[in-house]
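Have a look at the structure below, then the notes.
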Amino acid sequence: MYYVLFVLHDISKIKDLLHAWEEAGVKGATVLFSTGLGRIRQNFGLMEDFPLFPTMSDLMEHVEEMDLSRTLFTVVENETIVEKLLHHTQKVVGD
């Protein structure tokens, strides 16, 4: 078994990337909103007006305002699928 993790910065490509992963043999994947140290340092990842105890609607409102990356991860059965996954991912996002 192989664990594959990918951080996608251009979120406009998420649907194409997930479709490509399915074509490569991925049966399921988890997608998370994520941000990195650079964005946090630039105050894009943390907002001053974000409530201390946010409600779900607060979270969704702020998620739409932020330019967040997506972190995708999956587990695949063998190295052949990993190679296909790499090839299909590069077709969508480049080298």
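I'd like the full set of residues that are surrounded by 11 or more Cβ atoms within 10 Å (Cβ to Cβ) and either in contact with a His (Cβ under 6 Å, 6 or more places away or on another chain) or in a helix (DSSP H, G or I) (or both), limited to the range 15-40.
D16, L17, L18, H19, A20, W21, E22, E23, A24, R39, I40
Could you grab the pairs with beta carbons closer than 8 Å, sequence gap of 6+ or different chains, first residue in the range 7-31 and at positive phi, second one among the small types (G, A, S)?
Nothing qualifies.
Name the pairs whose Cβ atoms lie under 7 Å apart, with the first residue in the range 75-95 and over 12 Å from Y3 (Cβ atoms), the second of a type in the set (F, W, Y), and 6 or more positions between them or separate chains?
Here the result reads E79/Y2; H88/W21; T89/F6, each pair linking the range 75-95 to a residue that is of a type in the set (F, W, Y).
Yes or no: T80 of a type outside the set (A, V, I, L, M, F, W, C), in a strand (DSSP E or B) and at pLDDT 90 or above? Spell out how you get there, then give the answer.
Working: of a type outside the set (A, V, I, L, M, F, W, C): yes; in a strand (DSSP E or B): no; at pLDDT 90 or above: yes.
No; evaluated as a whole, the condition is false for this residue.
The values are calculated or read from the model by the stated rules, or taken from the named source; none is laboratory data. Predicted model, so just to flag it, every value in this text is computed and none were measured. Don't worry about glycine lacking a Cβ; one is built from the backbone with ideal geometry, like all the others, and counts go over all protein chains shown.
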